[in-house]
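Student: I have a structure I would like to understand better, so I am pasting it below and will then ask my questions one at a time.
The values are calculated or read from the model by the stated rules, or taken from the named source; none is laboratory data. Not measured: the values here are computed from a predicted model. Here Cβ is always computed from backbone atoms with ideal geometry, including for glycine, and neighbour counts include all displayed protein chains.
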Amino acid sequence: MPSHVDRVRRHYVNAIEPASDAFAATASQSDWLGLIRAEYLEISGLRLTQAEVQQLWDLEPSIAGAILSALVSEGLLTRTTEGTYILRDQD
């Protein structure tokens, strides 16, 4: 069974990657926040660590941490005891 990172990566490659270079070059933290929020809402059961978010979208640790913190603060995500971020209603 593919891991959550593999599932997101496959979705990302199929749906977003053609425009990813242009997006990454001009994306603000707000743009990344919207994209990562959308991925969590679209992919059922998504569980990612901060390191996986960094790797998947090639983000700096401080940016990935700020985005995940914002998603936790807005009530969309929660951090599990294992360090993964999941939709709040999945815990």
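Student: Of all residues in the stretch 59-91, how many are touching a strand residue (DSSP E or B) at 6+ places or on another chain (Cβ under 6 Å), of a type in the set (D, E, K, R) and either surrounded by 11 or more Cβ atoms within 10 Å (Cβ to Cβ) or closer than 20 Å to GLN29 by Cα (or both)?
Tutor: Looking only at that region, the number is 2.
Student: Identify, please: which residue in the stretch 13-46 is among the hydroxyl-bearing types (Ser, Thr, Tyr) and closer than 19 Å to LEU76 by Cβ and is, among those, modelled with the lowest pLDDT?
Tutor: Within the stretch 13-46, the match that is modelled with the lowest pLDDT is SER28.
Student: Which condition number does TYR85 fail, the rest of (1) modelled with pLDDT of 90 or more; (2) of a type in the set (Phe, Trp, Tyr); (3) over 10 Å from the mean Cα position of the chain (by Cα) being met?
Tutor: Checking TYR85 against (1) modelled with pLDDT of 90 or more; (2) of a type in the set (Phe, Trp, Tyr); (3) over 10 Å from the mean Cα position of the chain (by Cα), the one that fails is (3).
Student: Which pairs do you get when a residue that is without any contact (Cβ under 8 Å) to a residue 40 or more places away in the chain, found in the stretch 32-53, comes within reach of a residue that is outside any helix (DSSP H, G or I) and of a type outside the set (A, V, I, L, M, F, W, C), reach meaning Cβ atoms under 8 angstrom, with the pair 6+ apart or on two chains?
Tutor: These pairs meet every condition: THR49/GLY83; THR49/THR84; THR49/TYR85; GLN50/GLY83; GLN50/TYR85; VAL53/TYR85.
Student: Moving to a separate point now. Name every residue in the stretch 47-73 that is outside any helix (DSSP H, G or I) and at pLDDT 95 or above, in order of residue number.
Tutor: Initially, the stretch 47-73 is screened for residues outside any helix (DSSP H, G or I), giving 47-49, 58-60.
Result: ARG47, LEU48, THR49.
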